[in-house]
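Before any comments, here is the structure.
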Amino acid sequence: MSELPMWPTLPADLIINILLRLPVKSLGKFKCVSKKWLHLITDSYFVSMYREISVRNPNILVLKKTPLLREAHMKKCTRIDLCSLNLDGSCRNDEFSLYVNDDEKNIEVLPSKWDLICFVSESGFYVCNPSTQVMMKLPEASCCTSGEVNAGMGYVKETDEYVLVHLFDRSLDIHVDYDIGCEVLRLKDGTDCEWQVMEANCPFVVRGWGVLVKNVFYWMIWDEYNQPGDEAIVSFDLEKKEFGNVSPPEGHFDPQGAWSLVELGGKLSLVDNATRQLMVDIWVLNDLDNHIWVREYSIDMNGYGSDLFKSIIPLDYQDGKIWMDAKQESLDCYDVKKKHIKRMEHLISGEWTWLRIYTESFFWLGSR
């Protein structure tokens with residue numbers, strides 16, 4: 001019996017080019033093909049190239065939480081369904097489920113647009129890599145006596161790590177003599193992690209989730225504004241380990257309005273959904289030292305219902321387009337140059353709880 005003809009060996013560059021186009025889940029299987037493929041896929045150069053391509057081609061991640069029926073004496077459990085899609089809707093990727101031991105009313109997801117998703121619940125913090133479909137519960141955080149969970153998570157490119165900041169109230173009354181501590185957890189690929197309590201205390205009660213921009217986290221202040229304009233945003237510098245504050249746009253900030261913070265194009269942005277009727281104004285902090293804001297974008301939301309446009313949340317800015325979450329009902333794309341909004345309701349079918357942008361990666365949770 002004659003031997004089967006051998007297929008010609010493909011050039012290494014071509015093999016790499018092909019593998020770079022595949023999802024992480026498939027590459028995980030291909031690592032078992034041979035030692036050569038294992039070395040190629042786990043090589044630092046390949047991983048770096050894969051990250052660069054992923055960042056330029058993010059996916060949509062839709063998440064839905066469903067309480068699981070349990071007996072009264074058993075712990076509560078919630079199933080979280082996840083589904084990823086291409087931004088253009090041409091491909092529907094993996095769908096899978098995770099389980100969190102808590103009531104579904106207590107579970108939230110921190111804002112993110114990178115490769116990890118962080119869940120917050122009364123039982124603690126959980127982090128998930130949708131690409132590998134792995135979730136890990138993080139070390140127990142400090143107890144917050146007020147019951148309010150204020151945190152923020154972001155990716156620091158310079159150190160190739162995720163940073164999670166948790167603000168926790170140690171006082172018995174959130175309105176009187178509050179004592180807000182701060183702890184930081186740094187999450188690196190393939191290593192264990194732990195909380196580090198900072199010496200500095202947060203000087204204000206904050207609202208919403210923290211936003212990371214250039215090694216500094218920002219929160220909107222929850223306190224009453226005695227002099228609107230002086231103090232509206234609190235900051236925490238990861239390098240200096242110090243708190244500060246940032247003034248809002250002079251003469252335009254309404255402390256009672258629907259304002260929120262996001263990171264767009266590497267800059268801190270303040271989103272105003274309430275001051276002007278059927279308009280979403282996005283102010284960008286162009287000069288941090290002098291607290292100079294510029295109203296960079298004004299998006300005409302004519303045609304949206306009043307309830308819907310007030311719930312618009314910008315998710316990301318890429319290639320002249322702002323991707324926006326329209327109340328978990330649609331992913332909308334605003335073309336900055338053409339000043340045109342493209343609605344993409346068809347991408348999201350069913351009732352979903354959260355909508356996020358995420359990128360594929362090999363990030364390994366826990367020690368290797």
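The values are calculated or read from the model by the stated rules, or taken from the named source; none is laboratory data. The shown structure was predicted, so the numbers you read here are calculated from the model rather than taken from an experiment. All Cβ positions, glycine included, derive from the backbone under ideal geometry; neighbour counts span all protein chains shown.
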Practice task
Give just the number: which of (1) in a loop (DSSP other than H, G, I, E, B); (2) touching a residue at least 24 places away in the same chain (Cβ under 8 Å) does GLY147 not satisfy?
Solution key: (2)
Problem - Inter-residue pairs, beta-carbon under 8 Å, first on the phi > 0 side of the Ramachandran plot and in region 204-218, second among the hydrophobic types (A, V, I, L, M, F, W, C), 6+ apart - result: GLY208/TRP219; GLY208/MET220; GLY208/LEU261; ASN215/VAL156; ASN215/LEU238
Handout entry: Among (1) farther than 30 Å from THR9 by Cα; (2) more than 21 Å from the chain's Cα centre (by Cα); (3) among the charged types (D, E, K, R) - the single one LYS29 does not satisfy
Key = (1)
Practice task
Would you confirm whether any residue within region 308-320 is over 28 Å from VAL246 (Cα atoms), over 17 Å from the mean Cα position of the chain (by Cα), not in a strand (DSSP E or B) and not charged (D, E, K, R)?
Solution key: yes
Practice task
Could you tell me whether region 173-180 includes any residue that is assigned to a loop (DSSP other than H, G, I, E, B), modelled with pLDDT of 85 or more and out of contact with any helix residue (DSSP H, G or I) (no Cβ under 8 Å at 6 or more places or on another chain)?
Solution key: yes
Exercise for the section: Any chance you could count how many residues in region 178-219 are more than 24 Å from THR145 (Cα to Cα), in contact with a Phe, Trp or Tyr (Cβ under 8 Å, 6 or more places away or on another chain) and of a type in the set (A, V, I, L, M, F, W, C)? Expected result: 3
Completion exercise
Only one of ASP237, ASP300, ASP289, ASP254 is over 26 Å from VAL216 (Cβ atoms) and either touching a Gly at 6+ places or on another chain (Cβ under 8 Å) or in the same structural domain as ASN86 (by TED's automatic domain parsing) (or both), namely ASP300
Problem - Wholly within region 203-279, strands (runs of 3 or more DSSP E) carrying at least 2 residues that are among the aromatic types (Phe, Trp, Tyr) and at pLDDT 90 or above - result: 216-221
Handout entry: Test set (1) under 17 Å from the mean Cα position of the chain (by Cα); (2) under 20 Å from GLU263 (Cα atoms); (3) in a loop (DSSP other than H, G, I, E, B) - SER131 fails condition number
Key = (2)
Exercise for the section: Please state which of the following conditions TYR99 fails to meet, knowing it meets all the rest: (1) surrounded by fewer than 21 Cβ atoms within 10 Å (Cβ to Cβ); (2) assigned to a loop (DSSP other than H, G, I, E, B). Expected result: (2)
Problem - Test for LYS337: is it loosely packed, with under 14 Cβ neighbours inside 10 Å, in a strand (DSSP E or B) and modelled with pLDDT of 85 or more - result: no
Handout entry: Matching residues in region 275-307 - criterion: being under 20 Å from the mean Cα position of the chain (by Cα) and under 16 Å from ASP332 (Cβ atoms)
Key = ILE282
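Take the residues of region 237-262 that are in contact (Cβ under 8 Å) with a residue 60 or more places away in the chain and not aromatic (Phe, Trp, Tyr): which is farthest from LEU315 (Cα to Cα)?
Only one residue tops the list, namely LEU238.
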Practice task
Would you please name the residue that is farthest from the chain's Cα centre (by Cα), looking only at residues in region 344-363 that are part of a loop (DSSP other than H, G, I, E, B), over 11 Å from PRO130 (Cα atoms) and modelled with pLDDT of 75 or more?
Solution key: TRP352
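Have a look at TYR297, TYR304 and point out the one that is among the hydroxyl-bearing types (Ser, Thr, Tyr), over 30 Å from VAL197 (Cβ atoms), modelled with pLDDT of 90 or more and surrounded by 19 or more Cβ atoms within 10 Å (Cβ to Cβ).
Working: TYR304 fails: modelled with pLDDT of 90 or more.
Within the list TYR297, TYR304, the selection yields TYR297.
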